[in-house]
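The values are calculated or read from the model by the stated rules, or taken from the named source; none is laboratory data. The shown structure was predicted, so the numbers you read here are calculated from the model rather than taken from an experiment. Neighbour counts are summed over all protein chains in view; Cβ atoms, including those assigned to glycine, are modelled from backbone coordinates with ideal geometry. Only protein heavy atoms, including side chains, enter the accessible area calculation; ligands, DNA and RNA are left aside. Shrake-Rupley method; radii C 1.70, N 1.55, O 1.52, S 1.80 Å.
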Amino acid sequence: MTVEVDSQLNTVQEATQKQPVLAAHFMRLVATQRLSHAYLLAGQTGCGKRAVAQMVAMRLFCEHPTETGEPCGTCAECHRILSGDHPDVVMVQPDGQRIKVDQVRYIKDEFAKSPVEGAMKVFIIEGTETLTTSAANGLLKFIEEPVDNRVIFLLTTNKSLILPTIQSRAQVVEFSAIPTPVFAQTLRQQQVSENQIGLVSALTNSETDAMALVADNWVGDLQHELARWYGQLAKQDPMAFVTVQTGLVPLATDRNRQSVVLDA
Ligand SMILES: [Zn+2]
């Protein structure tokens, strides 16, 4: 059980470390019963959207909120939410590339049902941008007409792919980049070497993108070629132009890496 307790504490920690302002904001909304019925949480992968949404769900059900108004993370309710076992907290992640039709049906069915135990029912839908237009339209009905005791969190990494009708009916909450020291710590936990953390965190704030950059020592190669190039530029060595062609251009193997090389 120790492992689960650790992961419970981690969710609250993750939310409060990555998004201290938003986490505190949502805790206040719950405490003062001003939570809206639909939120669109927008921000890049790893910025703490799910942690914040789960923390809200925990706070709504927690048996012993802390003095500072956070969920305890250890009571039976918090425990069940974190293990995905709470009948009134519906969590959906894309099954593969997108949210499938039967998952949408499940969300609708659950939305139609009253809370099983508590006074509230919470929905946390990840990858909202992967919904087909018809599926998104289907969900729209639930967002349009607020139902008592329901709160829905739609999470997305790409707000521009969300139907304007959904954006206008939900409260859009933009998640900012996570604080640099927190991101550096995340990279450290992912075994990114200390001498690459600076460059990687200067290039991206997304954990997924960061891991793609360090794969196959790509960032190591980039560091090496950049150092060579800067050295040549400093000496006004005409070879600097050649280095761009032979060293840097070959590293731009795809669009993402191309833009990183240009940034660098
Ligand atoms: Zn609790």
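In this structure, is Arg50 among the basic types (Lys, Arg), in contact (Cβ under 8 Å) with a residue 40 or more places away in the chain and assigned by TED's automatic domain parsing to the domain that holds Thr157? Yes; evaluated as a whole, the condition is true for this residue. Listed by first and then second residue, the pairs linking a residue in region 115-139 that is modelled with pLDDT of 90 or more to a residue that is of a type in the set (S, T, N, Q) and assigned to a helix (DSSP H, G or I), with Cβ atoms under 7 Å apart and 6 or more places separating them unless they lie on different chains, are Ile124/Gln54.
One line per residue, one yes/no per condition, for (1) within 16 Å of the ligand (Cβ to nearest atom); (2) open to solvent by 70 Å² or more (accessible area, probe 1.4 Å):
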{"residue": "Ile81", "(1), (2)": "yes, no"}
{"residue": "Asp85", "(1), (2)": "yes, yes"}
{"residue": "Gln97", "(1), (2)": "no, yes"}
{"residue": "Lys108", "(1), (2)": "no, yes"}
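Scan region 141-149 and give yes if some residue there is assigned to a loop (DSSP other than H, G, I, E, B), exposed (fewer than 15 other Cβ atoms within 10 Å of the Cβ) and at pLDDT 90 or above, otherwise no. No, region 141-149 contains no residue that is assigned to a loop (DSSP other than H, G, I, E, B), exposed (fewer than 15 other Cβ atoms within 10 Å of the Cβ) and at pLDDT 90 or above. Scanning region 10-45 for residues that are of a type outside the set (Val, Ile, Thr), part of a helix (DSSP H, G or I) and under 25 Å from Thr204 (Cβ atoms) returns Asn10, Gln13, Glu14, Ala15, Gln17, Lys18, Pro20, Leu22, Ala23. Check off (1) outside any helix (DSSP H, G or I); (2) surrounded by 13 or more Cβ atoms within 10 Å (Cβ to Cβ); (3) at pLDDT below 85 for Val172 and give me the number that stays unchecked. All conditions pass for Val172, except number (3). Among residues of region 59-79 that are aromatic (Phe, Trp, Tyr), those with a beta-carbon under 6 Å from a residue that is assigned to a loop (DSSP other than H, G, I, E, B) and open to solvent by less than 50 Å² (accessible area, probe 1.4 Å) at least six positions away or on a different chain give the pairs Phe61/Gly118. Residues being modelled with pLDDT of 95 or more, within 16 Å of the ligand (Cβ to nearest atom) and loosely packed, with under 13 Cβ neighbours inside 10 Å are entirely absent from region 15-30. Of all the residues in region 46-79, those that are more than 10 Å from the ligand (Cβ to nearest atom) and either part of a loop (DSSP other than H, G, I, E, B) or open to solvent by 60 Å² or more (accessible area, probe 1.4 Å) (or both) number 7. Taking the criterion of being under 21 Å from Ala215 (Cα atoms) and assigned to a loop (DSSP other than H, G, I, E, B), the residues of region 175-192 that qualify are Gln190, Gln191, Val192.
Restricting the first member to region 195-209 and to residues that are hydroxyl-bearing (Ser, Thr, Tyr), and the second to residues that are in a loop (DSSP other than H, G, I, E, B), the beta-carbon pairs closer than 7 Å and six or more apart or on different chains are Ser206/Gln44; Ser206/Thr45; Ser206/Gly46; Thr208/Thr45; Thr208/Gly46. The set of residues in region 75-119 that are among the polar types (S, T, N, Q) and within 23 Å of the chain's Cα centre (by Cα) comprises Ser83, Gln93, Gln97, Gln103.
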